[in-house]
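Below: the structure, in structure tokens.
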Amino acid sequence: MIVIAHLSDTHIDDASPRSRERTEATMAYLDSLAYDLDAVIVTGDLADHGEESEYAWLRDHVLTSRHPVLTCPGNHDRRDAFRRVLLGTEPPAPDAPVNQVLRADGFVLALCDSSVPGKDEGYLEEETLAWLDEELSRTPAGTPVLVGFHHPPTALGIPFVDSIRQFGEHRLAELARRHPSLTAFLCGHTHSATATTFAGRPVLVAPGVVSMSKLPWEQSGLADYVFRDELAPSLAFHLLTEDGRLTTHYRSVPLG
């Protein structure tokens with residue numbers, strides 16, 4: 001059995017001890033598990049302002065986990081600082097997308113950069129789609145590939161989030177049709193544990209570490225986007241079994 005922990009939206013902020021405390025508690029929970037996780041992924045908005053000091057904290061408190069950690073940027077992240085401080089690499093070109101792959105025993109994780117510098121909505125650049133196409137093509141038949149990014153590629157019924165979701169998604173759907181090994185899409189952005197489908201695959205959204213969002217019917221204004229800060233940080237566990245079945249469990253992390 002393969003177990004992958006899926007976090008999103010830590011929003012580390014130098015001015016907010018709360019974001020650091022919630023992220024520290026989440027990582028401490030994962031590192032305290034008796035089970036060795038196959039991977040931990042963080043699908044974007046790791047930093048709140050894209051500052052180098054925010055990424056330095058993440059490097060020292062998230063990437064130090066005893067489990068393998070893979071990350072991708074969100075709309076609050078800055079590609080240059082993300083790559084330089086968090087990953088310790090230099091960009092091949094200014095503002096080049098940050099794409100990462102983990103090839104492990106029995107599965108592949110491909111994390112794509114859906115961020116658009118200077119904007120809140122998401123979009124997979126042609127360079128990223130070509131990279132993903134190549135990674136899928138070189139994966140042996142029958143090996144499940146989980147594809148992650150920050151922005152959901154479909155509407156989720158939360159008006160504000162839907163207005164800044166991933167666009168140009170028809171190109172991703174076409175790519176998915178060519179690659180049956182693409183098992184599921186993993187994302188964040190909504191600060192809400194959500195599941196839907198896109199291109200015939202599950203879309204599994206991790207809840208926010210820093211906060212959870214109220215759903216439209218939990219508040220007075222359907223267009224509002226309100227956070228529920230009193231809720232504990234949460235995450236998803238994705239399980240891949242030998243027969244190829246994918247199961248997701250959502251968990252809240254105890255604080256204090």
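FYI, it's all coordinate maths here, none of it is from the lab. Since we're looking at a predicted model, the values are computed, not measured. Cβ coordinates were reconstructed from backbone atoms using ideal geometry, including for glycine residues, and neighbour counts include every protein chain displayed.
Tabulated results
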| read-out | value |
| --- | --- |
| Normalised contact order of the chain, rounded percent, pairs of Cα under 8 Å and 6 or more residues apart | 20 |
| Alpha-carbon gyration tensor eigenvalues x 5, square-rooted, for region 13-146, Å | 24, 22, 11 |
| Unit charges on C-beta of K, R, D, E only; dipole of region 2-252, Debye | 600 |
| Alpha-carbon centroids, region 6-54 and region 93-109: separation in whole Å | 19 |
| Cα-derived Rg to Rh of region 1-74, Kirkwood definition | 0.96 |
| Debye, to nearest 20: dipole size of region 119-256, +1 on Lys, Arg Cβ, -1 on Asp, Glu Cβ | 340 |
| Distant alpha-carbon pairs in region 111-207 (separation over 23 angstrom), percent | 19 |
| Low-density loop positions, chymotrypsin sites (Phe, Trp or Tyr not before Pro), region 12-109 - DSSP coil, at most 16 other Cβ in 10 Å | TYR35 |
| Estimated FRET transfer efficiency (GLU121, ALA34; beta-carbon r; R0 45 Å; 0.05) | 0.65 |
| The chain: C-alpha pair distances exceeding 23 Å, % | 47 |
